[in-house]
Each structure stands twice: as C-alpha cells, then as structure tokens.
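Undergrad: Below are the structure tokens for one structure; questions will follow.
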Amino acid sequence: MFDYPAMIKLWKLMPVVCLTASITFCQQPALQTPSTNQAPSAAEEPADQVDIGALAKETEQIDQRMGKMGMFWWTPIEFWEQSAIKQGISPGQARRQFQPLREYNVFIIGIGDLGGMGIDWQPLDVIRRNVSLRDQAGNIYHPLENVSPQVESFVEILKPVLKSMLGQFGEGVQIVFFPVKDKMGKVLADPFRASEFSLLVAELMGPKTSTYTWRLPISALLPPKYCPVGKERVEANWKYCPWHGNKLDTESTPPALPGSASTSK
C-alpha cells in the first residue's frame, strides 16, 4: 500500500541531499563558463544567515490528486550557493563554482502514478515534453534540450547522490532546465524582485493542464519585513497586511523592542 507520509518525509530530505551534492560539486575543479549574468548587487545579496529549510519550503510545491503525485521544486542559484556556504565553503568559492547555473532556471521535478507498491515515476523525456514555464507577461518557455558541459557535470554529481541517499525516490525525480531570461532579455525569475511565474504541467497530473505559481520575492532571502501598524512579521511578497488590510511598503526594519526609547521628537 502506498505510504504517503513516508514519501513526504523523503521529499523533505531533498534539501539535505542537495547540501551533500553541493559540497561534492564544490570539491571539483571550478569550471568557468562565459556568463551574461552579472554578479548580484549589494541590494540583491541574500540576507545573513539564510534559513535553507525556509528557502526550500518557499520554493517547493507538492500536489497529490486523482492517483497522481507531483513534486515541483524551483531551486534558484542562491539555494545552491547558500547550501555550500552553510557547509563551510567560502562565499567567493561557492559563487565561482555555481556560476554556470546562473544561466538557467533549475527545477527538480517528480511526477508519478500512485500504485499499491509505490510510485511509477515519469521519465525525464516525458516530463520535458509536458512541462513549460510561463512568465508574468504570459510568454511560454520550454525545457532546454542542451546545457553547458559545466552544468552537465553538476547533474552527473547530483543524480547519483539523489539515488544513493533516497533510493528509488531519488532515482525517480528529474532535473529540468529552463532559460534564465525572458523574451525581453531580463531575468525571468528574480528572487529579489516582485513578480511571478508559473510551471504548466500538461496531462501528467490529470486530464487538464495543472498550474503551479511562484510569487516573488522570496522572503527567506530578504531581511525581515514588518507591518507598520501591528508590527507583525509579514512575507516579503505580501502587498497588504492580512491582519490590518493596510498596504505594505519595502520597509524591513524590525519593530522597536518594548520599552525602548523613541528617537522621535
């Protein structure tokens, strides 16, 4: 009989597995590739002490229905860099090593049919034929047929680690690459700026196309943001406070501690 809780536990181990893969990759000689993407500015640097678990939770989506299981994880470059940094790799080395990934939007996807003995996972070619990315303007992007040799090397490291640590589950999930830039030449999914994009899955999760949307920016990568009315902490991509209804700005300064002196005159 299919054990759904056990499957979710395995999926929740994915960030840990990717931590292991990131360290292994960083131990390889750095393979640089010409990049059209500049290093992030100071305003686009991840917040200090990024919570990898929170980042993973904010960028993954899980769906189960009609005898189907779908797991969709957008892994921005910041996830891989921060994973390596958490394990003692210097920020500079992490950025150099994962620079080739800045040319792609990287998704880890698992789609399968539930059965009495487990999940019958869809192979990579089937997934690639049936998924596409849609940007905020409605433009559609299909998975890339080819990636750079540097990124192929990354996949060759990640896939065996997934299989070794997660068994059949790790073998069943696939790595899919999309363009990093939209049709206007701008970054399609910038985790530091307000926008949204969607992964479209045709038929594999049911007879119709299923849509999974990510709304940006990613709170886990930014300084805390607070409601100016009640001082509650809010998500970075919220435009209005759900408790007070007021519009939220970009202010990220923590609220003053009780009893602290006011600086106003």
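The values are calculated or read from the model by the stated rules, or taken from the named source; none is laboratory data. All values reported here derive from a predicted model rather than from experimental measurement. Note: ideal-geometry Cβ built from the backbone for every residue, glycine included; neighbour counts use all protein chains shown.
Undergrad: Please state which one of Ser153, Ser148 is under 22 Å from Glu78 (Cα atoms) and surrounded by fewer than 17 Cβ atoms within 10 Å (Cβ to Cβ). First the steps, then the outcome.
TA: Numbers: Ser148 fails: surrounded by fewer than 17 Cβ atoms within 10 Å (Cβ to Cβ).
Every option except Ser153 fails the conditions.
Undergrad: Still on this model: Give just the number: which of (1) free of Cβ contacts under 8 Å to residues at least 40 places away in the same chain; (2) assigned to a loop (DSSP other than H, G, I, E, B); (3) at negative phi does Gln49 not satisfy?
TA: Tallying (1) free of Cβ contacts under 8 Å to residues at least 40 places away in the same chain; (2) assigned to a loop (DSSP other than H, G, I, E, B); (3) at negative phi, Gln49 fails exactly one: (3).
Undergrad: Let me ask another. Select, from Ala220, Ala194, Ala202, the only residue that is surrounded by fewer than 17 Cβ atoms within 10 Å (Cβ to Cβ), at pLDDT 70 or above and under 30 Å from Gly112 (Cα atoms).
TA: Selected residue: Ala202, the only one of Ala220, Ala194, Ala202 that is surrounded by fewer than 17 Cβ atoms within 10 Å (Cβ to Cβ), at pLDDT 70 or above and under 30 Å from Gly112 (Cα atoms).
Undergrad: For region 101-173, give me every one of the strands (runs of 3 or more DSSP E) that falls completely inside it and has 2 or more residues that are within 27 Å of Phe197 (Cα to Cα). Give the steps one after another, and end with the answer.
TA: Details: elements: 104-115, 118-121, 131-134.
Filter on region 101-173 gives 104-115, 131-134.
Undergrad: Assigned to a helix (DSSP H, G or I) and modelled with pLDDT of 90 or more, is that true of Gln97?
TA: Here the answer is yes, as Gln97 does meet what is asked.
Undergrad: Further, regarding this structure: Mind checking which residues of region 167-191 are surrounded by fewer than 19 Cβ atoms within 10 Å (Cβ to Cβ), more than 20 Å from Val147 (Cα to Cα) and out of contact with any strand residue (DSSP E or B) (no Cβ under 8 Å at 6 or more places or on another chain)?
TA: Correct list: Gly167, Met184.
Undergrad: From (1) over 15 Å from Lys68 (Cβ atoms); (2) surrounded by fewer than 16 Cβ atoms within 10 Å (Cβ to Cβ); (3) modelled with pLDDT under 95, pick out the condition that doesn't hold for Thr213.
TA: (3)
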